[in-house]
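Undergrad: My structure is below; once you've seen it, I'll send some questions.
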Amino acid sequence: MSKQDGSSRQVTTGPVDDSATPILHVDMDAFFVSVELLRRPELRGKPVLVGGTAGRGVVAAASYEARRYGVNSAMPMSLALQRCPNAIVLRGDYARYSEYSKRVMAIFEQLTPLVEPLSIDEAFLDVSGARRLHGSPAEIAWTIRERVRAETGLTCSVGVAATKYVAKVASSRAKPDGMLVVPASETVAFLHPLPVSALWGVGRVTEQSLARLGLRTVGDVAAMPADALTRAVGPSLAARLARLANGDDPRDVTTERVEKSIGHEVTFHHDLVDPDQIARELLRLAADVGARLRKARLVGRTVTLKLRYGDFTTVTRSRTLSEPTDVARRIYDEAAAALTGLVGDGERVRLIGVRAEQLRPTGDGALLWDPDEEWRDAERTIDEVAARFGRGAVRPAALVRPAGEGARAARRAGSRGAGTAG
(Lines give C-alpha, C1' and ligand atoms only; values in the text may rest on other atoms or scores of the structure.)
Protein backbone atom coordinates (compact mmCIF):
# COMPACT_ATOMS: atom_id res chain seq x y z
CA MET A 1 0.00 0.00 0.00
CA SER A 2 1.22 3.53 -0.67
CA LYS A 3 2.67 5.70 2.03
CA GLN A 4 -0.29 8.02 1.47
CA ASP A 5 1.74 10.48 -0.56
CA GLY A 6 -1.16 10.91 -2.99
CA SER A 7 0.53 9.02 -5.82
CA SER A 8 -2.15 6.28 -5.91
CA ARG A 9 -5.13 8.54 -5.21
CA GLN A 10 -8.51 7.05 -6.13
CA VAL A 11 -11.72 9.09 -5.78
CA THR A 12 -15.39 8.94 -6.66
CA THR A 13 -16.32 11.63 -9.20
CA GLY A 14 -19.79 10.66 -10.42
CA PRO A 15 -23.02 8.94 -9.39
CA VAL A 16 -22.48 5.71 -7.48
CA ASP A 17 -24.65 3.18 -5.64
CA ASP A 18 -24.28 4.07 -1.94
CA SER A 19 -27.58 2.51 -0.84
CA ALA A 20 -25.87 -0.18 1.26
CA THR A 21 -22.81 1.79 2.45
CA PRO A 22 -23.74 3.46 5.76
CA ILE A 23 -20.22 3.46 7.25
CA LEU A 24 -17.91 6.44 6.82
CA HIS A 25 -14.27 6.70 7.81
CA VAL A 26 -13.12 10.31 7.99
CA ASP A 27 -9.39 10.99 8.20
CA MET A 28 -7.87 14.46 8.40
CA ASP A 29 -5.14 15.11 5.84
CA ALA A 30 -1.65 15.50 7.37
CA PHE A 31 -3.48 16.89 10.39
CA PHE A 32 -0.67 18.36 12.51
CA VAL A 33 1.05 19.86 9.48
CA SER A 34 -2.24 21.24 8.12
CA VAL A 35 -3.02 22.98 11.41
CA GLU A 36 0.45 24.53 11.41
CA LEU A 37 0.00 25.78 7.83
CA LEU A 38 -3.08 27.74 8.88
CA ARG A 39 -0.73 30.19 10.63
CA ARG A 40 2.21 29.62 8.27
CA PRO A 41 0.52 29.76 4.84
CA GLU A 42 3.82 30.69 3.18
CA LEU A 43 4.94 27.09 3.76
CA ARG A 44 2.19 25.56 1.61
CA GLY A 45 3.58 23.40 -1.15
CA LYS A 46 6.85 22.83 0.70
CA PRO A 47 8.09 19.71 2.52
CA VAL A 48 7.10 20.32 6.15
CA LEU A 49 7.62 18.05 9.15
CA VAL A 50 6.18 18.34 12.64
CA GLY A 51 8.16 16.69 15.41
CA GLY A 52 11.17 16.83 17.68
CA THR A 53 14.67 17.64 16.52
CA ALA A 54 16.61 17.19 19.76
CA GLY A 55 18.32 13.90 20.44
CA ARG A 56 16.17 11.13 19.03
CA GLY A 57 13.20 13.15 17.91
CA VAL A 58 10.68 11.50 15.64
CA VAL A 59 8.36 12.71 12.90
CA ALA A 60 4.85 13.26 14.25
CA ALA A 61 3.46 14.30 10.86
CA ALA A 62 4.71 14.99 7.35
CA SER A 63 3.25 17.05 4.52
CA TYR A 64 2.49 15.24 1.29
CA GLU A 65 5.43 17.04 -0.32
CA ALA A 66 7.73 15.47 2.30
CA ARG A 67 6.12 12.04 1.96
CA ARG A 68 7.18 11.89 -1.68
CA TYR A 69 10.76 11.65 -0.40
CA GLY A 70 9.87 8.51 1.57
CA VAL A 71 9.28 10.32 4.87
CA ASN A 72 6.45 9.19 7.13
CA SER A 73 5.25 9.56 10.70
CA ALA A 74 7.09 7.72 13.51
CA MET A 75 10.31 7.86 11.46
CA PRO A 76 13.40 9.13 13.32
CA MET A 77 13.81 12.80 12.44
CA SER A 78 17.47 12.23 11.63
CA LEU A 79 16.52 9.71 8.93
CA ALA A 80 13.73 11.95 7.63
CA LEU A 81 16.19 14.81 7.16
CA GLN A 82 18.59 12.51 5.34
CA ARG A 83 15.85 11.62 2.89
CA CYS A 84 14.51 15.16 2.62
CA PRO A 85 17.32 17.60 3.52
CA ASN A 86 15.27 20.65 2.53
CA ALA A 87 12.40 19.81 4.87
CA ILE A 88 11.16 22.53 7.21
CA VAL A 89 10.77 21.20 10.76
CA LEU A 90 8.19 22.69 13.13
CA ARG A 91 7.66 21.90 16.78
CA GLY A 92 4.26 20.46 17.65
CA ASP A 93 1.52 22.43 19.40
CA TYR A 94 -0.66 19.65 20.77
CA ALA A 95 -3.08 21.94 22.63
CA ARG A 96 -3.88 23.59 19.31
CA TYR A 97 -4.30 20.24 17.55
CA SER A 98 -6.66 19.08 20.29
CA GLU A 99 -8.79 22.21 19.88
CA TYR A 100 -9.12 21.66 16.12
CA SER A 101 -9.91 18.01 16.72
CA LYS A 102 -12.82 18.99 18.98
CA ARG A 103 -14.16 21.33 16.29
CA VAL A 104 -14.00 18.61 13.65
CA MET A 105 -15.60 15.96 15.87
CA ALA A 106 -18.42 18.42 16.69
CA ILE A 107 -19.21 18.64 12.97
CA PHE A 108 -19.47 14.84 12.79
CA GLU A 109 -21.77 14.72 15.81
CA GLN A 110 -24.09 17.31 14.29
CA LEU A 111 -24.70 14.94 11.37
CA THR A 112 -25.01 11.63 13.26
CA PRO A 113 -24.88 10.58 16.92
CA LEU A 114 -22.99 7.42 15.96
CA VAL A 115 -19.40 8.68 15.95
CA GLU A 116 -16.48 6.49 17.02
CA PRO A 117 -13.25 8.51 17.33
CA LEU A 118 -10.16 6.43 16.63
CA SER A 119 -7.61 9.13 17.38
CA ILE A 120 -7.26 12.89 17.41
CA ASP A 121 -7.68 13.07 13.62
CA GLU A 122 -9.93 10.23 12.47
CA ALA A 123 -13.30 8.64 13.24
CA PHE A 124 -15.86 6.14 12.03
CA LEU A 125 -19.43 7.32 11.49
CA ASP A 126 -22.61 5.30 11.00
CA VAL A 127 -25.06 7.43 9.02
CA SER A 128 -27.85 4.84 8.73
CA GLY A 129 -30.26 7.02 10.69
CA ALA A 130 -29.18 10.32 9.19
CA ARG A 131 -30.40 9.83 5.63
CA ARG A 132 -33.79 11.50 6.07
CA LEU A 133 -32.22 14.68 7.45
CA HIS A 134 -28.94 14.86 5.58
CA GLY A 135 -29.18 12.69 2.46
CA SER A 136 -27.40 9.58 1.23
CA PRO A 137 -24.05 8.42 2.68
CA ALA A 138 -22.16 9.95 -0.26
CA GLU A 139 -24.01 13.24 0.20
CA ILE A 140 -23.22 13.24 3.91
CA ALA A 141 -19.55 12.54 3.16
CA TRP A 142 -19.54 15.48 0.75
CA THR A 143 -21.19 17.70 3.38
CA ILE A 144 -18.56 16.72 5.94
CA ARG A 145 -15.71 17.63 3.63
CA GLU A 146 -17.26 20.97 2.74
CA ARG A 147 -18.08 21.90 6.34
CA VAL A 148 -14.64 20.89 7.65
CA ARG A 149 -13.03 23.05 4.99
CA ALA A 150 -15.35 26.03 5.55
CA GLU A 151 -15.32 25.94 9.37
CA THR A 152 -11.70 25.02 10.08
CA GLY A 153 -9.70 25.67 6.90
CA LEU A 154 -8.56 22.02 6.93
CA THR A 155 -9.18 19.15 4.53
CA CYS A 156 -10.15 15.55 5.14
CA SER A 157 -10.57 12.37 3.15
CA VAL A 158 -13.63 10.14 3.47
CA GLY A 159 -14.17 6.47 2.71
CA VAL A 160 -17.76 5.26 2.33
CA ALA A 161 -18.45 1.54 2.45
CA ALA A 162 -20.53 -1.27 3.90
CA THR A 163 -18.02 -2.06 6.69
CA LYS A 164 -15.53 -0.25 8.89
CA TYR A 165 -12.53 -2.01 7.41
CA VAL A 166 -13.39 -1.23 3.80
CA ALA A 167 -14.29 2.37 4.67
CA LYS A 168 -10.88 2.87 6.27
CA VAL A 169 -9.07 1.40 3.27
CA ALA A 170 -11.16 3.64 1.00
CA SER A 171 -10.28 6.82 2.89
CA SER A 172 -6.57 6.00 2.62
CA ARG A 173 -6.94 5.53 -1.15
CA ALA A 174 -8.74 8.89 -1.45
CA LYS A 175 -5.99 10.94 0.17
CA PRO A 176 -5.47 13.78 0.11
CA ASP A 177 -8.76 15.73 0.13
CA GLY A 178 -10.89 13.12 -1.61
CA MET A 179 -13.90 10.85 -1.21
CA LEU A 180 -14.15 7.25 -2.34
CA VAL A 181 -17.39 5.27 -2.23
CA VAL A 182 -17.12 1.48 -2.46
CA PRO A 183 -20.56 0.05 -3.36
CA ALA A 184 -21.37 -3.04 -1.31
CA SER A 185 -21.62 -5.16 -4.47
CA GLU A 186 -18.13 -4.09 -5.53
CA THR A 187 -16.35 -4.72 -2.23
CA VAL A 188 -14.42 -7.79 -3.32
CA ALA A 189 -13.50 -6.26 -6.68
CA PHE A 190 -12.14 -3.21 -4.83
CA LEU A 191 -10.11 -5.16 -2.28
CA HIS A 192 -8.59 -8.01 -4.26
CA PRO A 193 -6.14 -6.03 -6.44
CA LEU A 194 -4.69 -4.23 -3.39
CA PRO A 195 -1.34 -5.31 -1.88
CA VAL A 196 -1.46 -7.57 1.18
CA SER A 197 -0.26 -4.65 3.32
CA ALA A 198 -3.79 -3.23 2.96
CA LEU A 199 -5.02 -5.94 5.33
CA TRP A 200 -5.20 -5.04 9.01
CA GLY A 201 -2.65 -7.07 10.94
CA VAL A 202 -0.16 -7.36 8.08
CA GLY A 203 3.06 -5.65 9.07
CA ARG A 204 6.49 -6.04 7.53
CA VAL A 205 7.20 -9.48 9.03
CA THR A 206 3.79 -10.93 8.12
CA GLU A 207 4.04 -9.42 4.65
CA GLN A 208 7.36 -11.24 4.17
CA SER A 209 5.82 -14.51 5.37
CA LEU A 210 2.97 -14.14 2.89
CA ALA A 211 5.36 -13.18 0.08
CA ARG A 212 7.29 -16.41 0.59
CA LEU A 213 4.04 -18.20 -0.25
CA GLY A 214 3.60 -16.05 -3.34
CA LEU A 215 0.81 -13.99 -1.75
CA ARG A 216 1.20 -10.38 -2.84
CA THR A 217 -2.37 -9.14 -3.19
CA VAL A 218 -5.48 -9.31 -1.05
CA GLY A 219 -7.00 -11.55 -3.72
CA ASP A 220 -4.10 -13.97 -3.34
CA VAL A 221 -4.87 -14.26 0.37
CA ALA A 222 -8.58 -14.80 -0.31
CA ALA A 223 -7.77 -17.65 -2.70
CA MET A 224 -5.24 -19.35 -0.39
CA PRO A 225 -6.37 -22.66 1.18
CA ALA A 226 -7.13 -22.17 4.87
CA ASP A 227 -4.68 -24.81 6.11
CA ALA A 228 -1.74 -23.31 4.17
CA LEU A 229 -2.54 -19.81 5.40
CA THR A 230 -2.78 -21.12 8.96
CA ARG A 231 0.66 -22.74 8.71
CA ALA A 232 2.10 -19.46 7.48
CA VAL A 233 0.70 -17.01 10.04
CA GLY A 234 -1.08 -19.03 12.73
CA PRO A 235 -4.79 -19.88 13.15
CA SER A 236 -6.01 -16.61 14.68
CA LEU A 237 -4.41 -14.25 12.16
CA ALA A 238 -5.19 -16.59 9.26
CA ALA A 239 -8.90 -16.60 10.09
CA ARG A 240 -8.97 -12.80 10.43
CA LEU A 241 -7.07 -12.18 7.18
CA ALA A 242 -9.35 -14.56 5.28
CA ARG A 243 -12.41 -12.67 6.50
CA LEU A 244 -10.98 -9.25 5.75
CA ALA A 245 -9.77 -10.34 2.30
CA ASN A 246 -13.42 -10.90 1.42
CA GLY A 247 -14.61 -7.66 3.04
CA ASP A 248 -16.16 -9.44 6.02
CA ASP A 249 -16.07 -7.12 9.05
CA PRO A 250 -19.12 -7.40 11.36
CA ARG A 251 -18.04 -4.70 13.83
CA ASP A 252 -20.49 -1.89 14.53
CA VAL A 253 -19.63 1.76 15.06
CA THR A 254 -19.53 2.18 18.84
CA THR A 255 -19.74 5.52 20.62
CA GLU A 256 -18.20 4.30 23.88
CA ARG A 257 -14.44 3.94 23.76
CA VAL A 258 -13.21 0.95 25.74
CA GLU A 259 -9.51 0.95 26.52
CA LYS A 260 -7.86 -2.11 24.95
CA SER A 261 -4.53 -1.48 26.63
CA ILE A 262 -2.74 1.05 28.80
CA GLY A 263 0.96 1.53 28.37
CA HIS A 264 3.97 3.80 28.42
CA GLU A 265 7.21 3.72 26.46
CA VAL A 266 10.32 5.86 26.33
CA THR A 267 12.98 6.42 23.66
CA PHE A 268 16.34 7.27 25.19
CA HIS A 269 18.60 10.08 24.03
CA HIS A 270 21.49 7.60 24.29
CA ASP A 271 21.30 3.81 24.06
CA LEU A 272 21.25 2.03 27.42
CA VAL A 273 23.59 -0.88 28.01
CA ASP A 274 23.70 -1.22 31.81
CA PRO A 275 21.05 -3.75 32.97
CA ASP A 276 20.62 -1.74 36.19
CA GLN A 277 19.65 1.38 34.25
CA ILE A 278 17.28 -0.65 32.11
CA ALA A 279 15.64 -2.16 35.20
CA ARG A 280 15.28 1.32 36.68
CA GLU A 281 13.46 2.57 33.57
CA LEU A 282 11.29 -0.54 33.63
CA LEU A 283 10.23 0.26 37.19
CA ARG A 284 9.42 3.86 36.24
CA LEU A 285 7.23 2.71 33.34
CA ALA A 286 5.47 0.09 35.46
CA ALA A 287 4.69 2.75 38.08
CA ASP A 288 3.12 4.96 35.40
CA VAL A 289 1.05 2.11 33.97
CA GLY A 290 -0.19 1.08 37.41
CA ALA A 291 -1.19 4.66 38.24
CA ARG A 292 -3.15 4.98 34.98
CA LEU A 293 -4.91 1.67 35.55
CA ARG A 294 -6.02 2.70 39.03
CA LYS A 295 -7.18 6.10 37.81
CA ALA A 296 -9.26 4.44 35.07
CA ARG A 297 -10.53 1.81 37.56
CA LEU A 298 -9.21 -0.97 35.35
CA VAL A 299 -7.08 -4.06 35.87
CA GLY A 300 -5.03 -5.90 33.28
CA ARG A 301 -4.33 -9.60 32.95
CA THR A 302 -1.49 -9.47 30.42
CA VAL A 303 1.75 -7.50 30.77
CA THR A 304 3.65 -6.82 27.54
CA LEU A 305 7.26 -5.68 27.34
CA LYS A 306 8.51 -3.86 24.23
CA LEU A 307 12.21 -3.51 23.57
CA ARG A 308 13.92 -1.76 20.65
CA TYR A 309 17.65 -2.20 20.20
CA GLY A 310 20.13 0.28 18.81
CA ASP A 311 19.84 -1.29 15.34
CA PHE A 312 16.04 -0.72 15.45
CA THR A 313 15.28 -4.42 15.89
CA THR A 314 12.14 -4.57 18.02
CA VAL A 315 10.94 -7.46 20.18
CA THR A 316 7.88 -7.90 22.38
CA ARG A 317 7.29 -10.42 25.15
CA SER A 318 3.99 -10.97 26.98
CA ARG A 319 3.17 -12.66 30.26
CA THR A 320 -0.36 -13.49 31.37
CA LEU A 321 -1.23 -13.36 35.06
CA SER A 322 -3.46 -15.81 36.87
CA GLU A 323 -5.49 -12.80 38.05
CA PRO A 324 -5.64 -9.27 36.59
CA THR A 325 -3.90 -6.45 38.47
CA ASP A 326 -3.47 -2.70 38.75
CA VAL A 327 -0.44 -3.00 41.04
CA ALA A 328 2.74 -1.47 39.64
CA ARG A 329 4.93 -3.89 41.61
CA ARG A 330 3.24 -6.88 39.97
CA ILE A 331 3.46 -5.24 36.54
CA TYR A 332 7.16 -4.57 37.09
CA ASP A 333 7.86 -8.14 38.25
CA GLU A 334 6.22 -9.58 35.14
CA ALA A 335 7.95 -7.12 32.79
CA ALA A 336 11.30 -7.83 34.45
CA ALA A 337 10.74 -11.56 34.02
CA ALA A 338 9.95 -10.99 30.35
CA LEU A 339 13.19 -9.00 30.06
CA THR A 340 15.29 -12.00 31.11
CA GLY A 341 17.75 -12.96 28.40
CA LEU A 342 17.03 -9.91 26.25
CA VAL A 343 19.73 -7.62 27.69
CA GLY A 344 23.07 -7.93 29.42
CA ASP A 345 25.57 -8.96 26.74
CA GLY A 346 26.38 -5.49 25.54
CA GLU A 347 23.01 -5.14 23.81
CA ARG A 348 22.25 -1.46 23.26
CA VAL A 349 18.65 -0.57 24.10
CA ARG A 350 17.03 2.37 22.34
CA LEU A 351 13.43 2.09 23.60
CA ILE A 352 11.56 0.34 26.40
CA GLY A 353 7.79 0.04 26.71
CA VAL A 354 5.45 -1.58 29.23
CA ARG A 355 1.79 -2.21 28.50
CA ALA A 356 -1.15 -3.79 30.36
CA GLU A 357 -3.66 -5.64 28.18
CA GLN A 358 -6.82 -7.74 28.53
CA LEU A 359 -8.36 -4.96 30.60
CA ARG A 360 -11.54 -5.17 32.63
CA PRO A 361 -13.17 -2.99 35.30
CA THR A 362 -11.76 -3.17 38.81
CA GLY A 363 -13.87 -5.36 41.07
CA ASP A 364 -15.10 -7.82 38.43
CA GLY A 365 -14.61 -11.25 39.96
CA ALA A 366 -12.65 -10.05 43.01
CA LEU A 367 -10.38 -12.52 44.75
CA LEU A 368 -11.12 -13.93 48.19
CA TRP A 369 -7.42 -13.45 48.93
CA ASP A 370 -5.32 -10.76 47.32
CA PRO A 371 -1.58 -11.56 47.25
CA ASP A 372 -0.82 -7.94 46.32
CA GLU A 373 -2.99 -6.34 49.00
CA GLU A 374 -0.15 -4.59 50.85
CA TRP A 375 1.38 -3.20 47.68
CA ARG A 376 -2.03 -2.12 46.38
CA ASP A 377 -2.78 -0.23 49.59
CA ALA A 378 0.64 1.45 49.49
CA GLU A 379 0.24 2.47 45.85
CA ARG A 380 -3.23 3.88 46.46
CA THR A 381 -1.74 5.98 49.24
CA ILE A 382 0.83 7.24 46.72
CA ASP A 383 -2.05 8.06 44.35
CA GLU A 384 -3.72 10.17 47.02
CA VAL A 385 -0.52 12.10 47.71
CA ALA A 386 0.07 12.55 43.98
CA ALA A 387 -3.45 13.92 43.54
CA ARG A 388 -2.65 16.65 46.06
CA PHE A 389 0.99 17.43 45.32
CA GLY A 390 1.69 16.03 41.85
CA ARG A 391 2.92 12.68 40.58
CA GLY A 392 6.57 13.50 41.31
CA ALA A 393 5.92 14.07 45.01
CA VAL A 394 6.13 10.37 45.86
CA ARG A 395 8.03 7.78 43.87
CA PRO A 396 9.33 4.24 44.37
CA ALA A 397 12.50 4.42 46.45
CA ALA A 398 14.54 2.85 43.67
CA LEU A 399 13.85 5.84 41.43
CA VAL A 400 15.51 8.36 43.72
CA ARG A 401 18.69 6.35 44.40
CA PRO A 402 21.80 6.28 42.22
CA ALA A 403 21.15 4.35 39.02
CA GLY A 404 22.86 1.11 39.94
CA GLU A 405 21.74 0.97 43.54
CA GLY A 406 18.19 1.98 42.66
CA ALA A 407 17.74 -0.63 39.97
CA ARG A 408 19.11 -3.36 42.18
CA ALA A 409 16.67 -2.27 44.85
CA ALA A 410 13.89 -2.38 42.30
CA ARG A 411 14.57 -6.03 41.70
CA ARG A 412 14.44 -6.94 45.38
CA ALA A 413 11.25 -7.93 47.13
CA GLY A 414 9.15 -5.00 48.20
CA SER A 415 8.63 -5.77 51.87
CA ARG A 416 10.80 -2.87 53.03
CA GLY A 417 8.59 0.00 51.89
CA ALA A 418 6.66 1.28 48.93
CA GLY A 419 8.05 4.72 48.26
CA THR A 420 9.70 7.84 49.46
CA ALA A 421 8.96 11.55 49.29
CA GLY A 422 10.74 13.35 46.46
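Undergrad: Against the condition at pLDDT below 95, basic (Lys, Arg) and open to solvent by 60 Å² or more (accessible area, probe 1.4 Å), how does residue 3 come out, does it pass? Spell out the reasoning first.
TA: Details: at pLDDT below 95: yes; basic (Lys, Arg): yes; open to solvent by 60 Å² or more (accessible area, probe 1.4 Å): yes.
Answer is yes for this residue.
Undergrad: Also, I was wondering about something else. Which residue, of 214, 201, is over 22 Å from the mean Cα position of the chain (by Cα) and either within 29 Å of residue 9 (Cβ to Cβ) or free of Cβ contacts under 8 Å to residues at least 40 places away in the same chain (or both)? It would help to see each step written out before you state the result.
TA: Numbers: 201 fails: over 22 Å from the mean Cα position of the chain (by Cα).
Exactly one residue qualifies, and that residue is 214.
Undergrad: Let me ask something additional. For residue 170, only one of the following conditions fails: (1) more than 29 Å from residue 335 (Cα to Cα); (2) in a helix (DSSP H, G or I); (3) without any contact (Cβ under 8 Å) to a residue 40 or more places away in the chain; (4) not β-branched (Val, Ile, Thr). What is its number?
TA: The single condition residue 170 does not satisfy is (3).
Undergrad: For residue 29, work out the one condition from (1) open to solvent by 10 Å² or more (accessible area, probe 1.4 Å); (2) of a type in the set (Asp, Glu); (3) under 20 Å from residue 171 (Cβ atoms) it doesn't fulfil.
TA: With respect to (1) open to solvent by 10 Å² or more (accessible area, probe 1.4 Å); (2) of a type in the set (Asp, Glu); (3) under 20 Å from residue 171 (Cβ atoms), residue 29 is out only on (1).
Undergrad: So, one more: For region 105-123, give me the residue count where each residue is closer than 20 Å to residue 48 by Cβ and over 20 Å from the mean Cα position of the chain (by Cα).
TA: The number of residues fulfilling the criteria is 0.
Undergrad: Then there's this: With the structure loaded, tell me whether residue 232 is assigned to a helix (DSSP H, G or I), open to solvent by 30 Å² or more (accessible area, probe 1.4 Å), among the aliphatic types (A, V, I, L, M) and over 30 Å from residue 325 (Cβ atoms) or whether it fails that test.
TA: Working: assigned to a helix (DSSP H, G or I): yes; open to solvent by 30 Å² or more (accessible area, probe 1.4 Å): yes; among the aliphatic types (A, V, I, L, M): yes; over 30 Å from residue 325 (Cβ atoms): yes.
Yes, satisfied.
Undergrad: Another question about this same structure. For region 331-355, give me each residue that is closer than 20 Å to residue 267 by Cβ, open to solvent by 20 Å² or more (accessible area, probe 1.4 Å) and of a type in the set (Val, Ile, Thr).
TA: 343
Undergrad: Select, from 219, 201, the only residue that is out of contact with any Ser or Thr (no Cβ under 8 Å at 6 or more places or on another chain), part of a loop (DSSP other than H, G, I, E, B) and under 30 Å from residue 124 (Cα atoms).
TA: Values: 219 fails: part of a loop (DSSP other than H, G, I, E, B).
Testing whether each residue is out of contact with any Ser or Thr (no Cβ under 8 Å at 6 or more places or on another chain), part of a loop (DSSP other than H, G, I, E, B) and under 30 Å from residue 124 (Cα atoms) leaves just 201.
Undergrad: Another question, if that's okay. From 257, 243, grab the single residue that is assigned to a loop (DSSP other than H, G, I, E, B) and either surrounded by fewer than 16 Cβ atoms within 10 Å (Cβ to Cβ) or at pLDDT below 95 (or both). Working first, answer last.
TA: Details: 243 fails: assigned to a loop (DSSP other than H, G, I, E, B).
Criteria check complete, one pass: 257.
Undergrad: Out of all the residues in region 208-229, which are open to solvent by 50 Å² or more (accessible area, probe 1.4 Å) and out of contact with any strand residue (DSSP E or B) (no Cβ under 8 Å at 6 or more places or on another chain)? First the steps, then the outcome.
TA: Looking only at region 208-229, we keep the residues that are open to solvent by 50 Å² or more (accessible area, probe 1.4 Å), and these are 208, 212-213, 216, 220, 223, 225-227.
208, 212, 213, 220, 223, 225, 226, 227 - these are the residues of region 208-229 that are open to solvent by 50 Å² or more (accessible area, probe 1.4 Å) and out of contact with any strand residue (DSSP E or B) (no Cβ under 8 Å at 6 or more places or on another chain).
Undergrad: Among the residues of region 295-316, is any assigned to a helix (DSSP H, G or I) and either open to solvent by 40 Å² or more (accessible area, probe 1.4 Å) or touching a helix residue (DSSP H, G or I) at 6+ places or on another chain (Cβ under 6 Å) (or both)?
TA: Checked region 295-316: at least one residue is assigned to a helix (DSSP H, G or I) and either open to solvent by 40 Å² or more (accessible area, probe 1.4 Å) or touching a helix residue (DSSP H, G or I) at 6+ places or on another chain (Cβ under 6 Å) (or both).
Undergrad: Just the residues that are out of contact with any Gly (no Cβ under 8 Å at 6 or more places or on another chain) and open to solvent by less than 40 Å² (accessible area, probe 1.4 Å), please, taken from region 169-178.
TA: Kept after step one, since they are out of contact with any Gly (no Cβ under 8 Å at 6 or more places or on another chain), are these residues of region 169-178: 177-178.
Listed by number, the list holds a single entry, 178.
Undergrad: Report whether or not residue 132 is charged (D, E, K, R), touching a helix residue (DSSP H, G or I) at 6+ places or on another chain (Cβ under 6 Å) and over 22 Å from residue 8 (Cα atoms). Steps first, answer last, please.
TA: Numbers: charged (D, E, K, R): yes; touching a helix residue (DSSP H, G or I) at 6+ places or on another chain (Cβ under 6 Å): no; over 22 Å from residue 8 (Cα atoms): yes.
When the stated conditions are applied, residue 132 does not pass them.
Undergrad: Out of 112, 143, 155, I need the residue that is open to solvent by 20 Å² or more (accessible area, probe 1.4 Å), touching a helix residue (DSSP H, G or I) at 6+ places or on another chain (Cβ under 7 Å) and over 23 Å from residue 63 (Cα atoms). Which one?
TA: Values: 112 fails: open to solvent by 20 Å² or more (accessible area, probe 1.4 Å); 155 fails: over 23 Å from residue 63 (Cα atoms).
Just one listed residue meets the conditions, 143.
Undergrad: Considering region 21-71 alone, what residues qualify as being outside any helix (DSSP H, G or I), within 14 Å of residue 176 (Cβ to Cβ) and small (Gly, Ala, Ser)?
TA: Going residue by residue through region 21-71, those that are outside any helix (DSSP H, G or I) are 21-30, 40, 44-63, 68-71.
Within this subset, residues satisfying the condition of being within 14 Å of residue 176 (Cβ to Cβ) are 26-30, 44-45, 48, 61-63, 68.
30, 45, 61, 62, 63, listed by residue number.
Undergrad: If you don't mind, there's one more thing I want to ask. Is there any pair linking a residue in region 121-137 that is part of a strand (DSSP E or B) to one that is open to solvent by 30 Å² or more (accessible area, probe 1.4 Å), with Cβ under 7 Å and at least six apart or on different chains, and which?
TA: Close Cβ pairs satisfying both conditions: 123/117; 124/118; 125/114; 126/114.
Undergrad: Then there's this: Considering only region 33-42, I want to know if a residue exists there that is modelled with pLDDT of 90 or more, open to solvent by 30 Å² or more (accessible area, probe 1.4 Å) and in contact with a strand residue (DSSP E or B) (Cβ under 8 Å, 6 or more places away or on another chain). Give the derivation first.
TA: Going residue by residue through region 33-42, those that are modelled with pLDDT of 90 or more are 33-42.
Filter once more, keeping what is open to solvent by 30 Å² or more (accessible area, probe 1.4 Å): 38-42.
This time we only want the ones that are in contact with a strand residue (DSSP E or B) (Cβ under 8 Å, 6 or more places away or on another chain), so: 40.
Yes: region 33-42 contains one or more residues that are modelled with pLDDT of 90 or more, open to solvent by 30 Å² or more (accessible area, probe 1.4 Å) and in contact with a strand residue (DSSP E or B) (Cβ under 8 Å, 6 or more places away or on another chain).
Undergrad: Could I ask something else about it? Do we have any residue at all in region 74-85 that's in a helix (DSSP H, G or I), crowded, with 16+ Cβ neighbours inside 10 Å and either touching a residue at least 40 places away in the same chain (Cβ under 8 Å) or among the polar types (S, T, N, Q) (or both)?
TA: Among the residues of region 74-85, not one is in a helix (DSSP H, G or I), crowded, with 16+ Cβ neighbours inside 10 Å and either touching a residue at least 40 places away in the same chain (Cβ under 8 Å) or among the polar types (S, T, N, Q) (or both), which makes the answer no.
The values are calculated or read from the model by the stated rules, or taken from the named source; none is laboratory data. None of these values were measured; they are calculated from a predicted model. A quick note on method: Cβ atoms are made from the backbone with ideal geometry, for glycine too, and the neighbour counts reach across all protein chains shown. For the accessible areas, the whole protein counts, side chains as well, though only heavy atoms, and no ligand, DNA or RNA atoms are used. Shrake-Rupley method; radii C 1.70, N 1.55, O 1.52, S 1.80 Å.
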